[in-house]
Each structure stands twice: as structure tokens, then as C-alpha cells.
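Student: Provided herewith is a single structure, encoded as C-alpha cells, for subsequent inquiry.
The values are calculated or read from the model by the stated rules, or taken from the named source; none is laboratory data. Treat the numbers as computed from the prediction; the structure is a model and nothing was measured. Here the Cβ positions follow ideal geometry from the backbone for every residue, glycine too, while neighbour counts run over all protein chains shown. In case anyone asks, the SASA skips ligands and DNA or RNA and just uses the protein heavy atoms, side chains included. Shrake-Rupley method; radii C 1.70, N 1.55, O 1.52, S 1.80 Å.
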Amino acid sequence: MSSKNNIVVLTSLGVAMMMGAFQVSASDEAEDYPSGDLEFLVAAGAGGGTDNFTRTVKPMLEERLDTSIKVVNLPSASGALAHQRTANSEPDGHTLDFASSTLVTSLAAGQNPTGLDQLTPVARMQSDVMTLIVNPDKHEDFEAFKTYAENNPGEVVIGGTHAASPDKMAFLSFRDASGLDISFIPYDEEGSVSSNVLGGNIDGMFGEISSTLSYIESGDMKPILVFAEERLENFPEIPTTVEKGWDLTDGNERGVFVNAETPAEIVSQIEQALKAVYDSDEYQSYEEKVNLHYREGWMGSEEYQQKLEENLELYSRLIEQT
Amino acid sequence: MLDGFLSGLSVVLQPMNLLILMSAVFIGFVGGALPGISGVILVVILLPVTYGMDATSAFMLLTAIYGSTVFSGLITAILYRAPGTPEAVMTSFDGYPMTQRGEAGKALGIGVLSSAIGGLVGTIALIVFTPLLASVALKFSSPEYFALAILGLTVVASLGGKLMYGLIGAGMGLFIATIGIDPLTGTSRYTFGSLNLAEGIGLIPMIVGLFAISEVMKRATGGHVHQPLTKVNVKIFDSTIMRKIAATLSRSSILGVAIGILPGIGASTAAMVSYSEAVRWSKHPEDFGKGIPEGIAAPEAANNAAAMGALVPLFALGIPGSGTTAIILGAFIMHGLQPGPMFMASSSELIYAVFAGLFIVNFMILLFSKPFITLFTKLLNIPYSALGPIIIMCCIVGTYSVRNSMFDVWLMLGFGVLGFLLEKLRFPLVAIILGLVLGPIAESELRRSLAMSQGDMTIFMSRPISATLIGIACALLTVSILVPLYKRYKKRRLYSESAS
């Protein structure tokens with residue numbers, strides 16, 4: 001009898017455990033995360049800033065999550081394929097999209113079909129500083145630049161990379177705010193923009209301070225306006241957009257995205273792991289090495305989501321106006 | 001400068017560094033010889049490996065790989081018409097016909113010698129003239145690039161074969177080049193809403209398909225169309241040939257350096273322009289494409305010279321001259337170096353060690369290419385029924401790896417079929433590639449020029465370099481159209497005189 005009883009008890013216990021397992025499966029999934037290897041999709045080609053960012057984060061996150069990570073570059077269509085593949089992936093937080101602000105600029109320009117409703121931003125980790133940089137032989141400082149542009153409408157030419165890039169958005173928002181009659185030429189590569197500024201073929205460019213630092217130090221280029229709230233500690237002499245009365249502070253940002261249907265617990269788990277990476281000395285010394293330490297890069301999931309939505313609205317409006 | 005070079009040489013000649021250089025050359029040989037695996041990919045793969053090395057060794061490794069891949073693309077281009085790298089496409093036009101005639105060894109020898117000479121000329125220019133050349137490169141802006149592309153396109157009129165086919169081919173290339181997102185306005189062109197087409201048609205799927213795949217198809221359908229190759233005896237120094245190609249070599253090397261230093265234009269374009277000019281200046285342009293030594297010497301000297309030339313703006317200004325150098329630029333930054341106008345001054349030791357390393361690499365190419373090619377040609381003993389599928393497999397893997405895109409693989413296979421059909425019609429594939437490579441430069445630089453001048457067309461004439469280039473293009477075009485007309489007129493008069 002007792003053995004029979006035992007069987008009944010064991011069976012019912014087993015059933016109860018299975019039922020319980022089904023009920024708590026969602027939170028279990030989050031507890032088990034990650035349950036396998038992760039895949040990082042890089043929305044850019046190999047060797048660029050976003051790729052370096054991804055490959056720097058990879059070993060640090062591998063260590064913290066105790067898993068192994070595969071990195072795949074999907075540069076086609078300004079990374080739109082990477083966003084699409086992320087949005088179509090299993091919503092279990094195992095496919096992460098590493099992207100730059102190009103995600104939202106190309107969305108505004110209609111070149112990226114994956115909307116912000118299909119992706120959840122996990123965190124922003126880098127925020128580069130956008131600057132207006134000129135050839136010092138052409139314009140001495142921002143006031144001289146502005147006066148020249150006012151007196152010679154339509155003649156000032158500014159360069160940048162690509163037609164739907166953060167550079168272009170900086171140009172559009174600057175032109176919109178300042179009311180200056182200036183024009184923009186998109187180049188395929190950053191090198192072509194720099195060489196045209198250095199050679200004096202164009203008046204200046206919109207670009208990140210990190211990538212032009214060497215020209216600034218040598219005196220071949222001069223930043224005359226930074227897109228920031230406050231003057232940068234390292235460049236106290238450059239005026240900011242905000243002090244000129246223009247609320248323009250966006251630069252190129254880099255962050256991590258997952259499928260929008262990913263459970264909130266998992267998103268916050270990844271967010272915490274990324275935050276730990278961000279705060280590590282190892283990561284901070286990388287930021288310093290690539291000159292991305294001028295301002296705080298970190299932004300949590302919710303705040304970043306809100307910021308991206310605001311950006312999208314602004315960029316869409318600016319593109320519509322042109 | 002000589003001091004710097006000599007101290008650089010002493011760094012390079014340390015056994016460890018020599019070993020690094022040798023392995024770099026070997027890696028470059030293998031990667032370059034495989035269709036689809038280009039220098040860009042190899043450098044990206046090895047980038048993380050270099051983070052643990054000291055900066056000097058790391059950059060000797062990366063630049064040596066870069067230099068040797070540009071060379072070794074010619075091996076498969078000549079043997080199987082499967083260009084190992086985009087830089088070697090032009091080499092297959094005359095290299096492969098020579099292989100078909102049983103002159104593979106001769107063709108490879110010319111290729112090796114031309115590469116090494118082009119590379120040396122490029123390296124010497126790099127060492128001696130870097131600061132000077134960099135300032136010349138800055139004089140080039142959109143109007144000059146436009147003029148250069150036009151000059152390159154006019155050669156269609158001088159290519160052998162039917163002029164109409166040449167024009168159609170170039171037009172086809174120009175059309176394919178417009179597919180994708182317009183670089184200036186961001187408008188989608190001929191993409192039919194497909195994300196895969198947004199970036200345009202890649203050069204690698206197109207080249208690999210048109211050349212390698214179509215050739216495998218041709219051989220599969222035509223049985224053994226040429227003599228089986230069992231023994232390839234590479235002869236690098238052949239005095240009669242050397243005398244024959246000396247003029248082409250010197251012109252192409254200089255042209256290669258000149259084009260290589262321009263930011264944004266790489267060794268593939270240099271090889272193309274150099275081939276075009278070799279055709280234009282030749283006394284017998286109709287022989288190009290049928291397998292003549294000049295047809296190998298011109299692109300090979302130019303692409304290797306250009307590869308070195310592309311390093312000039314990188315070292316002097318921090319501006320990459322091509323795709324691979326853009327990645328090397330990223331690597332400098334990851335190593336905590338600051339490329340830019342001050343780079344030569346602040347890191348001169350490193351730079352001269354890299355220069356000395358490249359100098360040695362060109363000799364290593366001369367020295368090691370023969371045993372490597374011998375090893376490689378052992379493959380020729382494999383029956384084509386097995387080799388053909390191996391080539392196709394390499395093409396698929398290589399094409400996929402460029403963008404991790406299966407779409408590109410289908411595209412490549414599609415171009416294979418297209419190339420096969422076009423060749424049956426005796427269509428000049430050169431013209432298509434010419435249109436594809438030069439088309440985007442011509443189009444976008446024309447529009448950028450006009451944006452610079454607020455729509456004023458005189459910008460092309462008011463800038464001395466672009467005015468000169470356009471002038472030369474017009475003159476050459478006129479000559480190449482008038483000369484055949486005059487010849488025909490003379491022939492007709494002769495005919496009517498003799499008739500009367």
C-alpha cells in the first residue's frame with residue numbers, strides 16, 4: 001500500500017511541479033538568461049566606430065553574462081538589415097543590435113523600414129559631440145563665419161557624410177535654427193569630407209570632435225561651434241549652440257537594441273549588464289582612447305527610447321521641409 | 001629621411017619582425033588568391049589579433065598583408081579567370097588568354113615582376129614624397145575626380161571590337177552603378193523596395209560572377225576547350241619580355257602612384273585606368289584582350305603602386321585613400337595612435353619601420369611567389385570536373401563573407417549566367433566593368449561639383465587640373481574617332497582610284 005501511495009504522491013507532485021513550471025515560465029526565462037549563445041548584429045561595416053564599439057563590449061559582456069557571443073556585421077543599407085533581422089528574431093534577448101544614430105536618421109529619411117515600435121532600446125553607451133568645423137584660412141571663428149554666410153547667401157558650402165546621416169541632421173537643424181542660407185554636400189566617406197575641408201574646397205563640415213581631433217591639434221581645422229548644453233571642459237574656447245539660443249545638442253550616439261517583444265525583465269537584465277560594462281575601468285579607458293569621453297554616454301532604456309522618439313519627430317519634420 | 005629609413009630597416013630586420021612579415025606575406029598570398037577574400041576582409045579578421053602586439057609589429061603585419069593580397073589576386077585571375085581580388089580583374093583580360101595558349105608560366109612571371117616593380121616604385125614614392133604628395137592630393141576635389149572619370153570612360157572608343165558593343169557595355173555598367181540609394185539625395189533608385197538593393201550592386205559579386213562563374217560554365221559546357229595545363233614554369237626575369245614591357249611598366253607605376261594617392265579612389269580604379277591608357281598608347285591596341293604581356297604589366301604595376309600610394313594620405317593626413325586603408329586608420333586609433341597631420345612627426349619611428357617593412361615585402365613577393373605559385377598550380381593536376389566545383393564553392397563563400405549576405409551570392413550566380421551569355425555574343429566585359437567602377441565617380445562628383453559652384457558649369461574649366469584632364473579627354477576622343485574615319489576615307493579613295 002505504502003508503495004502505491006508513494007507513487008500517487010510522487011506523480012501528483014511531479015504534475016504540480018510541471019504545472020508550476022508552466023506558470024512561472026516567463027520569470028524563469030529571465031532567471032535563466034542567457035540560455036544560450038548571444039548574437040551581436042552590427043549595423044555597420046567592419047572596422048568603423050560602431051564595429052569597434054561592438055567588439056570592445058563583446059568580451060566584457062561575455063565575461064559578465066558567462067556566455068559566448070558571435071558578432072555579425074550587416075552593413076547593407078546603412079544597417080537597415082541588422083535592424084530588420086533583430087525585429088524578426090526570437091524575442092528572448094539573444095539577438096542584440098548594435099547601432100548608431102543612423103538608425104533614427106535613416107528611419108526619418110524613409111530608408112529604414114524597421115520602426116521604433118519594433119525595437120526596444122536597451123541602453124545608449126556613447127554620445128559623441130557634433131561640431132561645426134571650418135578651415136581656419138576661410139573663417140576665423142563662429143561670428144566671422146556667420147557674418148560671411150549672411151552677406152553671401154547661398155555661397156557657403158558645408159560637407160558631411162551621407163544623405164541621411166547624423167551630420168546631415170545636424171546641418172538641417174542648424175540651418176533651421178540659425179536661418180542662414182547655406183548648403184550641404186554629402187560625401188561617401190569621412191576621409192573625403194576632411195580632405196575637401198583641408199584643401200579649402202568647401203567652407204567647413206559637420207562632424208564628430210573625436211574623429212577630427214588631430215586636425216584641430218595641428219591647426220589645419222578649427223571647431224567653431226559645439227552642439228552641447230555647456231562648453232566642453234577640454235575645449236572651453238568654443239561657443240555652444242545653447243548659448244547662441246539654439247536647442248541643438250544631438251551628436252552621433254551608439255547604443256544597443258533588441259526585439260520590441262522581449263520581456264521587460266530580460267531587457268532590464270541586459271541593461272544592468274551593459275551598465276556594469278560601461279562603468280568598468282576597462283571600458284572607460286577605451287572611451288578615452290577613442291576620444292568619446294567628453295560627455296556622459298550612458299542613458300538607460302526608457303530615457304533613450306523617449307529621446308529617440310523626439311529625435312525622429314524632429315528629423316522627420318526637418319526632412320519634410322527640404 | 002634616410003636616417004629614419006635606415007633605423008626603420010634595423011627594426012624590420014629583427015628576427016621576430018622578419019618572421020611577422022613573412023607570415024603576413026603568406027597570409028596575404030593565400031587570402032588574395034581566393035576569390036572574394038580581399039585585403040579588406042583579411043585585415044579585419046586579423047585586427048583583433050594585433051591588439052595584443054606592440055604597435056610597430058602590428059602595423060607591419062597589417063600593411064604587409066595589405067600589400068601582398070594586392071599582388072596575389074593575379075594568380076587565380078591568370079590561371080582560372082577568377083580574380084582573387086577586385087584589383088586583379090583587369091589582369092585576367094590578357095592573363096587568362098595566355099594561360100589558354102599554354103603560357104601560364106610566362107603570364108604569371110610578368111605579373112610577379114610587374115607587381116614587385118609597381119610596389120617598389122610605390123614604396124619609394126611613399127618614403128620620399130609623402131608630405132609633398134599629400135598636399136597635391138588635397139588639390140583634387142570633385143571637379144578633378146569628375147574629369148578623371150571622364151578621361152577613363154573615353155577609352156571605350158579605343159577598345160577593340162565593335163564600338164557599339166563597347167558603348168552598350170559601358171552604358172550597362174553605368175546603369176548598374178545607379179542602382180541603390182542615391183548618395184546625394186538619399187532617394188532610392190531601382191531598388192524596388194528591397195533592402196538588399198539599397199546599398200547598390202557590390203563590385204565583388206559582379207566581378208566574381210561575370211568572370212569566375214561564367215568561365216566555369218563555359219568550360220563545363222564546352223568540354224576541354226584548351227590544352228590541359230600540367231606544368232607551369234614561372235619565369236620572372238625574361239630579358240626579351242622585360243624590354244617589351246619596360247615602357248608600360250614605368251608609365252603604369254607612375255600612373256598607379258598618382259591615382260593611388262587620391263583619397264577615395266583605390267587600386268582597382270588605378271588598374272583600370274592604367275589598362276585603358278596602355279590600350280590607348282599601344283601601337284597595336286587590337287591585340288589587347290587576346291593575351292599580350294603589356295595587358296598584364298599595366299594593371300599589375302599600377303595596382304601595386306596604387307596600393308602603396310593609398311598609404312600616402314593615410315600617413316601624411318590621416319585620410320584613407322581606399323577601403324583597406326580606412327580600416328588600418330581605425331586600427332591606428334584602437335592602438336592609441338593619432339593619425340593626422342602631425343602623425344609623421346609624432347610617430348616617425350613607427351612610420352619608417354612600416355615603410356621599411358613594405359620595402360622588404362616587395363622583395364619577399366619576388367622571392368616567395370614562385371614556390372607559392374608552384375604549390376598552387378599543383379591544383380592544375382586536379383581534373384576540371386573537381387576543380388570547377390571547388391572554384392564555385394570558393395566564390396560563394398568569398399562573396400557571402402563580404403557583407404554576410406545571401407542575396408549577394410544569388411546576385412553573383414546571376415551575373416555568372418549573364419557573363420556566360422554576353423561572352424557568347426563576344427561582348428566586351430571590360431566596358432561593363434569600366435562603366436560600373438567609373439560611373440558612380442563621374443555621376444556623384446559631377447553633382448558635387450555643381451553643388452560647390454551653385455550650378456555654374458564653368459567650374460570644370462576654371463580649375464587648372466580639371467580643365468587639363470577634360471582637355472586631354474576631348475583631344476583623345478576626337479583622335480580616336482577621326483583616325484578610323486580618315487583611314488576609311490583613304491581606303492575608299494584608294495579603292496575608287498584603283499577602280500577608275
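Student: Mind running the shape call on the range B:413-493? Use the C-alpha gyration tensor, a ≥ b ≥ c as the square roots of the eigenvalues: rounded below 1.5 for a/c, prolate if a/b tops b/c, oblate otherwise.
Tutor: Because a/c hits 1.5 or more and a/b fails to exceed b/c, the range B:413-493 counts as oblate.
Student: In whole angstrom, how long is each semi-axis of the equivalent ellipsoid of the range A:18-167, when you take the square root of 5 times every eigenvalue of its Cα gyration tensor and sort them from largest down?
Tutor: After scaling each eigenvalue by five and taking roots: 43, 17, 13 Å.
Student: Quick check: with the 1.4 Å probe, what order do B:ILE45, B:ILE241 take by accessible area, largest first? Could you put the intermediate results ahead of the total?
Tutor: Details: B:ILE45 105, B:ILE241 20 Å².
Heavy-atom accessible area, descending, gives B:ILE45, B:ILE241.
Student: What part of the accessible area of chain B, given as a whole %, is carbon or sulfur when the probe is 1.4 angstrom?
Tutor: Values: 13660 of 19580 Å².
C and S fraction of accessible area: 70 percent.
Student: Let me ask another. Averaging the inverse of every distinct alpha carbon separation and then flipping it gives the Kirkwood radius. What is it for the range B:222-379, in angstrom units? Please report the intermediate quantities before stating the final value.
Tutor: Values: mean 1/r = 0.0561 Å⁻¹.
So the Kirkwood estimate lands at 17.8 Å.
Student: Would you mind estimating how fast the range B:249-304 diffuses translationally, via Stokes-Einstein at 10 °C and 1.306 mPa s with the Kirkwood radius over Cα pairs, in µm²/s? Please list the in-between numbers first.
Tutor: Numbers: Rh = 10.9 Å.
Rounded to a whole number, D works out at 145 µm²/s.
Student: Over the alpha carbons of the range A:130-244, what is the largest minus smallest coordinate on each principal axis, giving the biggest first in Å?
Tutor: Over the range A:130-244, Cα extents along the principal axes are 31, 29, 27 Å.
Student: Right, something else. Straight-line reach from B:LYS424: which aspartates and glutamates fall under 12 Å, measuring Cα to Cα and dropping same-chain residues less than 8 apart?
Tutor: Filter leaves B:GLU215.
Student: Give the interface area between chains B and A as buried accessible surface, both sides summed, probe 1.4 Å, in Å² to the nearest 100. Before the final figure, lay out the partial values.
Tutor: Working: alone 21200 and 15220 Å², together 33220 Å².
For chain B against chain A, roughly 3200 Å² becomes buried.
Student: Let me ask another. So for the range B:94-202, considering every pair of alpha-carbon atoms, how many percent are separated by more than 21 Å? The partial results should precede the final answer.
Tutor: Working: 4017 of 5886 pairs.
Of all Cα-Cα distances in the range B:94-202, 68 percent exceed 21 Å.
Student: Could you compute Rg(Cα) / (2.2 N^0.38 Å) for chain A, with N its residue count?
Tutor: Working: Rg = 24.0 Å, N = 322, 2.2 N^0.38 = 19.7 Å.
It is 1.21.
Student: Calculate I(q)/I(0) for the range B:106-150 by the Debye formula, one identical point scatterer on each C-alpha and no solvent, and give its log10 at q = 0.16, 0.21 Å⁻¹ to two decimals.
Tutor: -0.67, -0.79
Student: Tell me the volume per residue, in Å³, of the convex hull enclosing the alpha carbons of the range B:285-346. All intermediate terms of the calculation are to be shown ahead of the outcome.
Tutor: Numbers: hull volume 5.8 nm³, N = 62.
Spread over its residues, the Cα hull of the range B:285-346 gives 93 Å³ apiece.
Student: Once the Cα atoms of helix A:209-218 and of chain A are each reduced to a long axis, what angle between those two axes, in degrees from 0 to 90 to the nearest 10, is obtained?
Tutor: Taking the Cα atoms of chain A, the angle to A:209-218 is about 40 degrees.
Student: When you look at the Cβ of every residue in B:248-258, what mean number of other chain Cβ atoms sits within 10 Å?
Tutor: Working: counts 0, 0, 0, 0, 0, 0, 0, 0, 0, 0, 0.
Average per residue, whole number: 0.
Student: Could you do me a favour and compute the accessible area per residue for the protein assembly as shown, 1.4 Å probe, result in Å²?
Tutor: On the way: 33220 Å² over 822 residues.
Using a 1.4 Å probe on heavy atoms only, each residue of the protein assembly as shown averages 40 Å².
Student: What does the average come to when, for each residue of peptide B:312-320, you count the partner chain Cβ atoms lying within 10 Å of its Cβ? Display every interim value, and only then the final one.
Tutor: Values: counts 0, 4, 1, 0, 0, 9, 10, 9, 6.
Rounded to a whole number, the mean comes out at 4.
Student: Here's something else I'd like to know. Calculate, in whole percent, how much of the Cα-Cα pair population of the protein assembly as shown lies beyond 37 Å.
Tutor: Details: 155273 of 337431 pairs.
That tail contains 46 percent of the Cα-Cα pairs.
Student: If you don't mind, there's one more thing I want to ask. Taking the range B:2-499 as the region of interest, what is the percent of Cα-Cα pairs per 10 angstrom bin, listed from the shortest bin to the one with the maximum distance?
Tutor: Spelled out bin by bin, the range B:2-499 gives 4, 20, 30, 27, 14, 4, 1, 0, 0 percent.
Student: Using only helices, what value at 222 nm comes out for chain B when you add -39,500 (n - 2.57) per DSSP H run of length 4 or more and divide by the total residues, to the nearest 500 deg cm²/dmol? Provide the component values of the computation, followed by the final result.
Tutor: Numbers: 23 runs with 371 residues, N = 500.
For chain B, the value works out to -24500 deg cm²/dmol.
Student: Work out the P(r) tail for the range B:354-500: percent of alpha carbon pairs separated by more than 20 Å, whole number.
Tutor: Details: 8334 of 10731 pairs.
Result for the distance tail: 78 percent.
Student: With the Cα gyration tensor of the range A:247-322 in hand, convert its eigenvalues to equivalent ellipsoid semi-axes via √(5λ) and list them largest first in whole Å. Working shown, then result.
Tutor: Details: eigenvalues 131, 82, 14 Å².
Whole-Å semi-axes of the equivalent ellipsoid: 26, 20, 8.
Student: Considering protein heavy atoms only and a 1.4 Å probe radius, which residues within the range A:201-217 exhibit an accessible-area decrease of no less than 40 Å² in the full assembly relative to the chain by itself?
Tutor: A:ASN201, A:SER214, A:TYR215
Student: Right, here's the next one. Simple spin-label model, 7 Å along Cα-to-Cβ: B:ILE481 to B:LEU6 in nm?
Tutor: According to this spin-label approximation, the distance is 5.8 nm.
Student: Quick check: pseudo-label points 7 Å beyond the Cα along Cα→Cβ at B:LYS162 and B:ARG493, how many nm apart are they?
Tutor: Between B:LYS162 and B:ARG493, the simple spin-label model gives 3.0 nm.
Student: Can you give the three extents of the C-alpha atoms in the range A:170-302 along their principal axes, from longest to shortest, in whole Å?
Tutor: Largest to smallest, the principal-axis extents are 52, 32, 31 Å.
Student: Related question: Can you compute the FRET efficiency between B:MET342 and B:GLN454 using 1/(1 + (r/R0)^6), with r the Cβ-Cβ distance and R0 = 35 Å? Round to the nearest 0.05.
Tutor: Working: r = 35 Å, r/R0 = 0.99.
Approximately 0.50, to the nearest 0.05.
Student: Hey, another quick one. For the full complex of protein chains and a 1.4 angstrom probe, list B:ARG81, A:ARG64, B:ARG493 by accessible area with the highest value first. It would help to have the intermediate numbers written out before the result.
Tutor: Values: B:ARG81 20, A:ARG64 100, B:ARG493 125 Å².
Output order, biggest surface exposure first: B:ARG493, A:ARG64, B:ARG81.
Student: Restricting to Cα atoms and excluding each atom paired with itself, what does the Kirkwood estimate give for the range B:1-115 in Å?
Tutor: Details: mean 1/r = 0.0667 Å⁻¹.
In the range B:1-115 this quantity evaluates to 15.0 Å.
Student: What is the packing order of peptides A:107-116, B:250-259, taking the mean over residues of other C-beta atoms within 10 Å and listing the highest first?
Tutor: Ranked by mean Cβ neighbours within 10 Å, highest first: B:250-259, A:107-116.
Student: So which residues in the range B:179-225 end up with at least 50 square angstrom less accessible surface once the other protein chains are there, compared with the chain by itself, probe 1.4 angstrom?
Tutor: Correct list: B:LEU195, B:GLU199.
Student: Could you name the lysines whose alpha carbon sits less than 23 Å from that of B:LYS378, not counting residues in the same chain fewer than 8 places away?
Tutor: Leaving aside lysines fewer than 8 places away in the same chain, those within reach of B:LYS378 are B:LYS106, B:LYS218, B:LYS231, B:LYS235, B:LYS370.
Student: Now a separate question. Could you work out, residue by residue across A:77-86, how many beta carbons of other chains sit within 10 Å of that residue's beta carbon, and then give the average as an integer? Show your work: numbers first, answer last.
Tutor: Details: counts 11, 5, 0, 5, 8, 1, 1, 1, 0, 0.
Shielding by partners across A:77-86 averages 3.
Student: Here's something else I'd like to know. Put a dot 7 Å past each Cα toward the Cβ at A:GLN284 and A:GLU303; how far apart are the dots in nm?
Tutor: 1.7
Student: How much of the accessible area of the range A:130-244, in percent, comes from carbon and sulfur atoms when a 1.4 Å probe is used? Each step should come with its number before you reach the end.
Tutor: Values: 1550 of 4100 Å².
Whole-percent figure for carbon plus sulfur exposure: 38.
Student: Taking a cut-off of 28 Å between Cα atoms, list the lysines near A:LYS222, but don't count ones fewer than 8 places away on the same chain.
Tutor: Within the straight-line limit of under 28 Å, A:LYS222 reaches these lysines: A:LYS138, A:LYS146, A:LYS168, A:LYS244, A:LYS289, B:LYS139.
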